[in-house]
Amino acid sequence: MSDLATEDDIARARTDPAFRQQLLAHSLERLLAALNTMRKNGDADPDSARQIREGVDLAVKLADRLHEKDRGGGSKVA
């Protein structure tokens, strides 16, 4: 899987639950790596802090979607 999701990846994720989980997991890993890099760089400007907060919020949402299957919840299409 490439770094960024393609339109084909997104279309496949809509019909293939296992691939959707894989795509969400890969996206979460990339987001966490980017957040860690930002944190290590120590950017203290307000824009960076806002981006980190937004990234953390998104990471929580992605993690929730990944765990929906484990909890027996219905599958949502992004």
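The values are calculated or read from the model by the stated rules, or taken from the named source; none is laboratory data. Being a predicted model, the structure only gives us computed values, none of them experimental. Methodologically, a virtual Cβ is constructed for each residue, glycine included, from the backbone with ideal geometry; neighbour enumeration extends over all protein chains shown. Protein only, heavy atoms only, side chains kept; ligands, DNA and RNA dropped before computing areas. Shrake-Rupley method; radii C 1.70, N 1.55, O 1.52, S 1.80 Å.
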### Message
Looking only at the stretch 55-72, filter to residues that are farther than 15 Å from ALA33 by Cα and open to solvent by 70 Å² or more (accessible area, probe 1.4 Å); which one of those is modelled with the lowest pLDDT?
### Response
ASP70
## Note on the structure
Expected single match for open to solvent by less than 60 Å² (accessible area, probe 1.4 Å), in a helix (DSSP H, G or I) and small (Gly, Ala, Ser) among ALA11, ALA18 is ALA11
### Summary
Apart from one, (1) closer than 27 Å to GLU68 by Cβ; (2) open to solvent by less than 70 Å² (accessible area, probe 1.4 Å); (3) touching a helix residue (DSSP H, G or I) at 6+ places or on another chain (Cβ under 9 Å) all hold for HIS26; the odd one out is (3)
### Message
Test of understanding: among ALA33, ALA5, which residue is open to solvent by less than 90 Å² (accessible area, probe 1.4 Å), out of contact with any strand residue (DSSP E or B) (no Cβ under 6 Å at 6 or more places or on another chain) and assigned to a helix (DSSP H, G or I)?
### Response
ALA33
### Query
Here are some conditions: (1) outside any helix (DSSP H, G or I); (2) within 14 Å of the chain's Cα centre (by Cα). ALA44 meets all but one. Which one does it not meet?
(2)
### Task
Hey, can you tell me all the residues within the stretch 38-54 that are surrounded by 10 or more Cβ atoms within 10 Å (Cβ to Cβ) and free of Cβ contacts under 8 Å to residues at least 12 places away in the same chain?
ASP43, SER48, ALA49, ARG50, ARG53, GLU54
